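Beneath this line is the structure, given in structure tokens, with notes to follow.
The values are calculated or read from the model by the stated rules, or taken from the named source; none is laboratory data. Here the structure is a predicted model, which means the values were calculated and not measured. Neighbour counts run over all protein chains shown; Cβ positions are idealised from the backbone, glycine included. We work out accessible area using only protein heavy atoms, side chains counted, and drop any ligands, DNA or RNA first. Shrake-Rupley method; radii C 1.70, N 1.55, O 1.52, S 1.80 Å.
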Amino acid sequence: MTSIGVISDVHANITALEAVLADLHAEGVECIVCCGDVVGYGPWPREVIARLRDVDALCVQGNHDAASIGAFPSDHFNADARAAIDWTRAALDQEDLQFLADLEQMYIGDDFVLVHGSLRGPLWEYMRDAFVARESFPLLARSIGLFGHSHIQGGFVRFGEHVDAITPGRPIAIVPGRQYLINPGSVGQPRDGDPRAAYAIVDLDCDSVLFKRVAYDIKPVMQRIEHVGLPRRFGERLEAGR
Ligand code: ZN
């Protein structure tokens, strides 16, 4: 495992996922890990679960995944998100529900840790700034932690007592002695103003992180969201990347 495709927050958007998988294939990346929120918001939860199984993605559980199986209280969500969780639960079959139930909240591998929110709060905590990320670094058992939840591509680096934000404009070099928390951004519902699907490639041979964006056709996704009766707002925010 030398080059890892890191995806997160697919949110039942099969069109965006297929675009990212094609790009990963073109990049020659075969090993895929997913930081959770496979389902929720989007209209294709079954298709996304099937595709992630198909590519043998190593996946952890997100808050939407947990809520969809009734393992996370849905009163933490706004009314629209709650409606999507109810819709998702009804759309999934027993095998899909079991797939989501079997996901761990944290995976600790030889080279990296995989989690949805943060090391301190795997399902619920957002790491949106260095102040919050600082609390997770002492809990990070490897030099690299991969996370999602905020739908914001980028991350944080710790060297000594300093924690700095990482912005995704250019490749990041992994420097020995430092720790990194990397967010690949969201495949299925980006919130950083760029509507293109987001992901990252962590190259363990070259000690580098590459942040990537892939354009896909958003209109059919918006139409499908309306067609299945999910809140129209979920389609509109895809177009805005917010
Ligand atoms: Zn999410």
ask   = Looking at the range 179-205, which of its residues are under 15 Å from residue 112 (Cα atoms) and either among the polar types (S, T, N, Q) or surrounded by fewer than 14 Cβ atoms within 10 Å (Cβ to Cβ) (or both)?
value = 179, 183, 205
Enumeration of residues in the range 210-234 that are part of a loop (DSSP other than H, G, I, E, B) and either out of contact with any Leu (no Cβ under 9 Å at 6 or more places or on another chain) or open to solvent by 30 Å² or more (accessible area, probe 1.4 Å) (or both) = 215, 216, 217, 228, 229, 230, 231, 232
note = Exception for residue 87 within (1) touching a residue at least 24 places away in the same chain (Cβ under 8 Å); (2) within 13 Å of the ligand (Cβ to nearest atom) falls at (2)
Options 102, 96, 111; residue that is more than 16 Å from the ligand (Cβ to nearest atom), open to solvent by 50 Å² or more (accessible area, probe 1.4 Å) and over 14 Å from residue 146 (Cα atoms) = 102
inquiry  = Looking at the range 58-84 only, could you name the residues that are modelled with pLDDT under 95, out of contact with any Pro (no Cβ under 8 Å at 6 or more places or on another chain) and open to solvent by less than 10 Å² (accessible area, probe 1.4 Å)?
reply    = 81
query = Among the residues of the range 147-176, which ones are surrounded by fewer than 20 Cβ atoms within 10 Å (Cβ to Cβ), modelled with pLDDT of 95 or more and of a type in the set (Gly, Ala, Ser)?
reply = 165, 173
query = Mind checking which pairs have a first residue in the range 206-227 that is under 21 Å from residue 185 (Cβ atoms) and a second that is among the acidic types (Asp, Glu) and assigned to a strand (DSSP E or B), Cβ under 8 Å, 6 or more apart or different chains?
reply = 209/203; 210/203
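Yes or no: residue 85 among the aliphatic types (A, V, I, L, M), within 22 Å of residue 233 (Cβ to Cβ) and in contact with a helix residue (DSSP H, G or I) (Cβ under 9 Å, 6 or more places away or on another chain)? Let's see the steps before the verdict.
Working: among the aliphatic types (A, V, I, L, M): yes; within 22 Å of residue 233 (Cβ to Cβ): yes; in contact with a helix residue (DSSP H, G or I) (Cβ under 9 Å, 6 or more places away or on another chain): yes.
Here the answer is yes, as residue 85 does meet what is asked.
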query = Which of the strands (runs of 3 or more DSSP E) contained wholly in the range 156-209 include at least 2 residues that are of a type outside the set (S, T, N, Q), within 16 Å of the ligand (Cβ to nearest atom) and over 23 Å from residue 134 (Cβ atoms)?
reply = 197-203
ask   = Of all residues in the range 1-26, which are within 16 Å of the ligand (Cβ to nearest atom) and either in contact with a His (Cβ under 8 Å, 6 or more places away or on another chain) or charged (D, E, K, R) (or both)?
value = 8, 9, 11
note = Those residues of the range 27-57 which are away from the ligand (no atom under 16 Å from the Cβ), crowded, with 16+ Cβ neighbours inside 10 Å and of a type in the set (Asp, Glu) amount to 47
